[in-house]
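Engineer: Mind looking over this structure? Questions follow.
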Amino acid sequence: MKAEQISIFLENRAGRLEEVARLLAEANINIRALSLADTSDFGILRLIVNDHEKAKKTLKDGGFTVGRNAVVAVEVPDTPGGLHSILNMLSSQGINVEYMYAFVQQSSKAATIIFRFDRTDQAIEVLTKNGITIIPGDTLYSM
Amino acid sequence: MIFDDDMETLPREELEALQLRRLKGLVDRVYANVPFYRKSFDDAGIRPSDIQTLADVRYLPFTEKQDLRNHYPYGLFAVPKDNVVRIHASSGTTGKATVVGYTKRDVENWATLMARSLVAAGATKRDIIHVAYGYGLFTGGLGAHYGAERLGATTIPMSGGSTKRQVILLRDFGATVICCTPSYSLFLYETALESGIDIKELPLRIGVFGAEPWTEEMRRDIETKLGIKAIDIYGLSEIMGPGVGIECIEAQTGAHLQEDHFLLEIIDPVTKEPLPPGETGELVITTLCKEAQPLIRYRTRDITSLNFTPCRCGRTFARMHRVMGRSDDMLIIRGVNVFPSQIESILLETQGLTPHYQLLVKREGNLDTLEVQVEVDEKIFSDEIKNLQRLGGKIQKHIKEFLGVTAAVKLVEPRSIQRSEGKAKRIVDMRNSS
Ligand SMILES: [Zn+2]
């Protein structure tokens, strides 16, 4: 049920993000979702792409430090309180969200959100038990 | 194994008797032949005949690097120029180059000392020695080369640069010993991996590393990655070049300095007074055998200590502690002495970080600032900001605890720190540039 994400270390200087995008474009890799977290000195770019293996290799060859992490793609009901109920069921079990970002989709009733949990396996267990839809990685990458 | 059994295991009393004999001859020679020394002896009110014991060396004047520059290029030669067969020079980043001349016998002695060094490092005549020190005016390449040939090993005069090609030849020629700077060995290792070659799987077994400061942690890193024994070689171009001292492979605890050729002192760099054996201070060397350009009490600027206890390899020559810093490289940050090697140790002890770092010193207003740039590799990278910030904070805390200075720690992308193909550029001091 886990999905894979790659993360890239970026210095906060002009052109680095563009360089990542260029390398991926040249390798014909499609970015499905992304989030950039940054401080005044550095940033961490997280990506869901259609081919993680290839993306990682491309970026490493381009001189970047690249990591791979397990994330969970959760379908959040498109109703008031949808996100809150999910966060609530997790925090009641002591599971922390390290970060999250939206997965952009066309034509869907539900929003997909990518979660990075401190305890990924337990989070999946809790969500499944509560009837929340988790989108498997393979489906996600080609959505 | 010992190359020169007679000399390298000479009992202390005999060694000192030999040193004194050579020292007396040396002071006579320089007083008679080098106007600079004649004048400085006269100014100090000392005559060659005043030197009666080894301890009397303390009455002789020092020679500084600046003295070599002031007498550029041939002013300190002690023999007619016709007798000089080789010139080396070190780059003058802050002024004139320093020039060193060698007679035929100087070149032969150097080859012998370098051959001794290679044997102490574990090499034999059956080895294939890849010399990746730069050839040319720099003493590294030719120094190692002549020693390797004197030993009778197969010598590959690779010189520096063209790293990708070096990796291929390292593999194809089956080198078993490499001579280069320690940082270049790691650069070679990385370059090899990029070409799909793991140096660990090659026949290479010994690295003879010098020409830049490095640490025990860096040694472990190199030994693990390359699967070799990493041996520290000591030398200065002003004194001779590589081979002034070498670690033995048996103990790997400090370079045995070749005392039959060099008289050693440790002085307090501030008071310039000699310090008792074992104390830490600046190494001062008098060349006992050099003909073309002998130096009296040359201030090496290297901070170290000497260990006179017997070594298990059988050599009687004193061992110098790994250079703890150079008084030239010593940064004084808000009144605190900081050596790049100390920062390197802290980084390695903090997180097993790769030794790729750079120190940036600036002056803001009247305040010195130190920025430590550390490359983020896959081992320490995290997808969470807080983990990286914690790492930066930890490094900063350790620097403060161990060195007493506050440094800004900046995490940078790999390879953003300049890797020259020779010496790693560790310090960028911008205090005098604005
Ligand atoms: Zn020894």
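Values in this text are rule-based calculations from the coordinates and carry no lab data. This is a predicted model, so every value here is computed, not measured. For neighbour counting, all protein chains shown are included, and Cβ atoms are generated from backbone atoms with ideal geometry for every residue, glycine included.
Engineer: Per residue and in Å³, how big is the convex hull formed by the alpha-carbon atoms of region A:1-136?
Structural biologist: Cα convex hull per residue, to the nearest whole number: 122 Å³.
Engineer: Using a Gaussian network for chain B with springs between C-alpha atoms less than 10 Å apart, which of these wobbles most: B:Leu367, B:Leu169, B:Leu20?
Structural biologist: B:Leu367
Engineer: At 7 Å along Cα-to-Cβ for each site, give me the label-to-label distance between B:Lys272 and B:Gln342 in nm.
Structural biologist: 2.5 nm
Engineer: Next up: Quick one: among A:Thr58, A:Thr128, A:Thr120, which has the greatest mean-square fluctuation in a GNM of chain A with alpha-carbon springs under 10 angstrom?
Structural biologist: Judging by the Gaussian network model, the answer is A:Thr128.
Engineer: Search the structure for amide H atoms under 5 Å from the amide H of A:Thr65, placed 1.01 Å from N in the peptide plane, and list their residues when 5 or more places away or on another chain.
Structural biologist: A:Phe9
Engineer: Of all beta bridges DSSP finds with both residues in chain B, what is the antiparallel percent, to the nearest 5?
Structural biologist: 60 percent
Engineer: Could you check what % of the DSSP bridge pairs in the protein assembly as shown are antiparallel, to the nearest 5?
Structural biologist: 75 percent
Engineer: Taking amide H atoms as placed 1.01 Å from N in the peptide plane, list the residues 5 or more away in sequence, or in a different chain, whose amide H sits under 5 Å from that of B:Phe262.
Structural biologist: B:Leu288
Engineer: Here's another thing I want to ask about it. Note down the Stokes-Einstein diffusion coefficient of region B:216-361 in µm²/s, whole number, using a Kirkwood radius over alpha carbon pairs, 20 °C, and 1.002 mPa s.
Structural biologist: The diffusion coefficient I find is 129 µm²/s.
Engineer: Can you tell me the FRET efficiency between B:Glu108 and B:Arg38 if r is taken as the Cβ-Cβ distance and R0 is 25 Å, rounded to the nearest 0.05?
Structural biologist: 0.35
Engineer: Regarding region B:286-410, what whole-number volume in Å³ per residue does the convex hull of its Cα atoms give?
Structural biologist: Value for region B:286-410: 182 Å³ per residue.
Engineer: Please compute the modelled spin-label separation between A:Asn28 and A:Ser92, points set 7 Å along Cα→Cβ, answer in nm with one decimal.
Structural biologist: 4.9 nm
Engineer: If you take the beta carbon distance between A:Asn130 and A:Glu19 as r and set R0 to 60 Å, what does 1/(1 + (r/R0)^6) give as a FRET efficiency, to the nearest 0.05?
Structural biologist: In this case the efficiency is close to 0.90.
Engineer: Put one equal scatterer on each alpha carbon of the protein assembly as shown, apply the Debye formula with no solvent term, and list log10 I(q)/I(0) at q = 0.09 1/Å to two decimals.
Structural biologist: Evaluating at q = 0.09 Å⁻¹ gives log10 I(q)/I(0) of -0.78.
Engineer: Further question on the same structure: Given 0.36 nm per residue, what is the gain on full extension from B:Thr309 to B:Glu64 after removing their alpha carbon distance, in nm?
Structural biologist: 85.2 nm
Engineer: Sticking with this structure for a sec: Give the cross-link partners of B:Lys200 among the aspartates and glutamates, using a straight C-alpha distance below 13 Å as the criterion and excluding same-chain residues fewer than 8 apart.
Structural biologist: Output for B:Lys200: B:Glu190, B:Asp221, B:Glu223.
Engineer: What is the pair-distance distribution P(r) of region B:291-348, computed from all Cα-Cα distances in 5 Å bins starting at 0, with each bin given as a whole percent?
Structural biologist: Going out from 0 Å in 5 Å bins, region B:291-348 shows 4, 15, 15, 18, 16, 16, 11, 5, 2, 0 percent.
Engineer: With an 8 Å Cα cut-off and a minimum separation of 6 or more residues, compute the relative contact order for region B:49-121 in percent.
Structural biologist: 24 percent
Engineer: Rounded to whole Å and ordered largest first, report the semi-axes of the equivalent ellipsoid of chain B derived from its Cα gyration tensor (root of 5λ).
Structural biologist: 36, 27, 20
Engineer: Taking every alpha carbon pair in region B:61-150, what does the distance histogram look like in 5 angstrom bins from 0, in percent?
Structural biologist: In order of increasing distance, the bins hold 3, 13, 19, 20, 18, 14, 8, 4, 1 percent.
Engineer: Further, regarding this structure: Within 10 Å of each Cβ in B:409-415, how many Cβ atoms from other chains are there, averaged over the peptide?
Structural biologist: Partner Cβ neighbours, averaged per residue: 5.
Engineer: Now for a separate question. From Cα pairs below 8 angstrom and at least 6 apart in sequence, can you work out the relative contact order of region B:125-263, rounded to a whole percent?
Structural biologist: Relative contact order of region B:125-263: 20 percent.
Engineer: On a 0 to 90 degree scale, rounded to 10, what angle separates helix B:104-120 from the longest Cα axis of chain B?
Structural biologist: The angle comes out near 50 degrees.
Engineer: A follow-up question, please. Could you tell me how many degrees, from 0 to 90 and to the nearest 10, lie between the Cα long axis of helix A:52-61 and the main elongation axis, the longest principal axis, of the Cα atoms of chain A?
Structural biologist: Rounded to the nearest ten degrees, it is 30.
Engineer: Now a separate question. In degrees between 0 and 90, to the nearest 10, how far off the longest principal axis of chain A does helix A:120-129 point, with axes built from Cα atoms?
Structural biologist: So the inclination is approximately 40 degrees.
Engineer: Given Cα pairs under 8 Å that are at least 6 residues apart, what percent is the relative contact order of chain A? Mind showing how you got there, number by number?
Structural biologist: Values: 254 pairs, mean separation 41.1, N = 143.
This gives 29 percent for chain A.
Engineer: If you don't mind, there's one more thing I want to ask. Report the dimensions of region B:40-104 along its three principal axes from the alpha-carbon atoms, largest first, rounded to Å.
Structural biologist: 35, 30, 19
Engineer: Next question. Taking the Cα-to-Cβ direction at B:Glu250 and at B:Arg86 and moving 7 Å from each Cα, how far apart do the two end points lie in nm?
Structural biologist: Rounded to a tenth, the inter-label distance reads 2.9 nm.
Engineer: Could you tell me which of the pairs B:Lys164/B:Lys425; B:Lys400/B:Lys425; B:Lys229/B:Lys272 are separated by over 32 angstrom between their Cα atoms in the structure shown?
Structural biologist: From B:Lys164/B:Lys425; B:Lys400/B:Lys425; B:Lys229/B:Lys272, over 32 Å: B:Lys229/B:Lys272.
Engineer: Using mean Cβ contacts within 10 Å as the protection proxy, how do A:39-45, B:49-55, B:282-288 order, highest first?
Structural biologist: The packing order, highest mean first, is B:282-288, A:39-45, B:49-55.
Engineer: DSSP loop trypsin sites (Lys or Arg not before Pro) in region A:82-143 with at most 15 other Cβ atoms within 10 Å of their Cβ, which ones?
Structural biologist: Answer by residue number: A:Lys109, A:Arg119.
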